[in-house]
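Read-outs: derived from the displayed coordinates by stated rules, not from any lab. It should be emphasised that the depicted structure is a prediction, and the values quoted were computed from it without experimental measurement. Heads up, the Cβs are rebuilt from the backbone with ideal geometry, glycines too, and the neighbour counts pull from every protein chain shown.
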Amino acid sequence: MQIGSLVIPEVAVLAPMAGFTDLNFRLLCKEQGCGLVYTELVSASCLLREVRRSLRLVETDPRERPVGVQLYGADTDQLAEAARWVEEHVPCDLIDLNMGCPVARIVSRGEGAALMREPALVERLVRAVSDAVTLPVSAKIRAGWTDSEINAVEVSRAIEAGGGQAVAIHARTRAQRHEGSVDFSLLAEIKKSVKIPVLGNGGIRDAEGALRMRNETGVDAVMVARGALGNPWIFRHIDEAWHGRVPRMPSQQERLEMLERHLRGCHNSSAQWAQKERERASAEGRAVASMRGHLLQYVSAGGGAREFRRQLNDLHTVDDALYAARAAILNDLDDPLHSVRPIPLSPGATRQ
Ligand SMILES: Cc1cc2nc3c(=O)[nH]c(=O)nc-3n(C[C@H](O)[C@H](O)[C@H](O)COP(=O)(O)O)c2cc1C
């Protein structure tokens, strides 16, 4: 796939996911052969005010490139200004515009998925941003607003007309949020309707699912979101399957090692971004809490999640989280020695 001058040989990319696809996780996916990563969505207006949390969201690393920065907003001047700011301050390869976020707080301001109802504004926004930067510009959209307002073909054409160089489609409507069926026929129709690269998104949980979407729709690349949680290997699996090889599943040991690197990386960056003494003291607890979703998935893939899920909210230190995850994953091997070991709690934590 080629987005403007950006060449992406791999067939699978990582979708942006607020609260999950931070720099640490993106680097792990990249190591496993992910072709392109995106920062989590960030508000154009917050970025221009240089709100500290937004600055953290657009932190990138040379090892993860190519990386796209995803912005949201519905004001042409503000979005263009924010894109210019990104091009100047953030080492990155692509500006992506979010037009699919279903959250009420965002759509009530006419942003995110609300833009699906405004194709003319979509074209103006993409044109304003494309004119403001030299980086390629893309957009991530939905199938439509509701089942009776499916208009992703029209919106994709508007993106292309505005100078957008790629379009990613989460093939569910805003009304579906993140559940329900994914419309492959719509992806195939969009692929036939525009010349820019089309990335298909929605419901991919394994290599087989990725290949099915690619083969049945003809999209240029597949975009994986929740299928990558606690499972950065999915990108290697997709690549292996794409080249006709049988995907090699990670061993329990590899699963534990990846989980530990992820957790420690998350703790380090939480500590790095802590400004005040109080924030530094709570950095570890916040890092473990922010990793809960990933941790559960790392453990679930091995099958030992029931007990771990129960313990999750009581884990406040990296060591406790690692100990509990190790026990849960190794329990899966039916090792009686591991299955009876108690889970230690950090000082101050209470068992419910
Ligand atoms: C927790 C969560 C956070 C998300 N954050 C973003 C985001 O920041 N930007 C975006 O374009 N989409 C976001 N999405 C949507 C995903 O990128 C993707 O479109 C959606 O999850 C469907 O793909 P899946 O079925 O493979 O998970 C988010 C989804 C989830 C579940």
Once both labels are modelled 7 Å past Cα along the beta-carbon direction, what's the Ser290-Trp273 spacing in nm? 0.4
List the lysines whose Cα lies under 21 Å from the Cα of Lys192, skipping any in the same chain that are fewer than 8 positions away. Lys140
For the stretch 118-177, the spread of Cα positions along each principal axis, largest first, Å: 36, 18, 14
Gain upon complete extension [Glu208, Thr146; 0.36 nm per residue less C-alpha separation]: 19.5 nm
Strictly greater than 18 Å: what percent of every Cα pair in the stretch 98-205 meets that? 42
Gyration tensor (alpha-carbon) shape descriptor, the stretch 148-203, a/c threshold 1.5: prolate
Could I have the simple spin-label model distance between Ser193 and Ala18, label points 7 Å from Cα toward Cβ, reported in nm to one decimal? 2.7
Rounded to two decimals, the Rg over Rh value of the stretch 2-242 from Cα coordinates and the Kirkwood Rh reads 0.93
Label Val246 and Glu179 with points 7 Å out from Cα along Cα→Cβ: what is the distance between them in nm? 3.6
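Express in % the proportion of alpha carbon pairs of the stretch 178-261 at distances exceeding 22 Å. It would help to have the intermediate numbers written out before the result.
Working: 1133 of 3486 pairs.
That tail contains 33 percent of the Cα-Cα pairs.
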